[in-house]
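To start, the structure under review is shown below, and the notes come after it.
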Amino acid sequence: MLHHLTIAFAFMAPLAVTPLALLGQHPSGAGPVLVLLSPWADGPALVEAAGGHIIGPAGAPFALLAAWDTAGDETRALKHGAWAVLDGNALAAICGVDDV
């Protein structure tokens, strides 16, 4: 039984660690950012309240692309209810692009 649990953990651990590692990153301040938020949050209002602006034509239920005029200001979205703010490199990694 312990052998089966070890095998299950070996396959499940990367699924949990990778998203947590991405959430631990801070935006570099260059380029667009991916704002992760709850599906019931008003994303455009959240970004506007944090001093940013939406740059994508549409948002997904849990995320949207945004930009701020001053580097570092994007972290204010966290104070307004965003779950995480990821830079373009994190977005590329989520999409499977590795030569950014």
- request: Would you confirm whether any residue within the range 72-85 is more than 11 Å from L34 (Cα to Cα), hydroxyl-bearing (S, T, Y) and surrounded by fewer than 15 Cβ atoms within 10 Å (Cβ to Cβ)?
  value: no
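Residues checked against (1) outside any loop (DSSP other than H, G, I, E, B); (2) closer than 14 Å to W83 by Cβ; (3) modelled with pLDDT of 70 or more:
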{"position": "L5", "(1), (2), (3)": "yes, no, no"}
{"position": "L15", "(1), (2), (3)": "yes, no, no"}
{"position": "L20", "(1), (2), (3)": "yes, yes, no"}
{"position": "Q25", "(1), (2), (3)": "no, yes, no"}
{"position": "V35", "(1), (2), (3)": "yes, yes, yes"}
{"position": "V47", "(1), (2), (3)": "yes, yes, yes"}
{"position": "L65", "(1), (2), (3)": "yes, no, yes"}
- request: Give the number of residues within the range 49-61 that are in a loop (DSSP other than H, G, I, E, B) and at pLDDT below 85.
  value: 5
task: Kindly list the number of the only condition in (1) in a loop (DSSP other than H, G, I, E, B); (2) touching a residue at least 40 places away in the same chain (Cβ under 8 Å) that fails for T75.
output: (1)
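The values are calculated or read from the model by the stated rules, or taken from the named source; none is laboratory data. Computed from a prediction, not measured in an experiment: that's the story for all the values here. Every residue, glycine among them, receives a Cβ derived from its backbone with ideal geometry; neighbour counts consider all protein chains shown.
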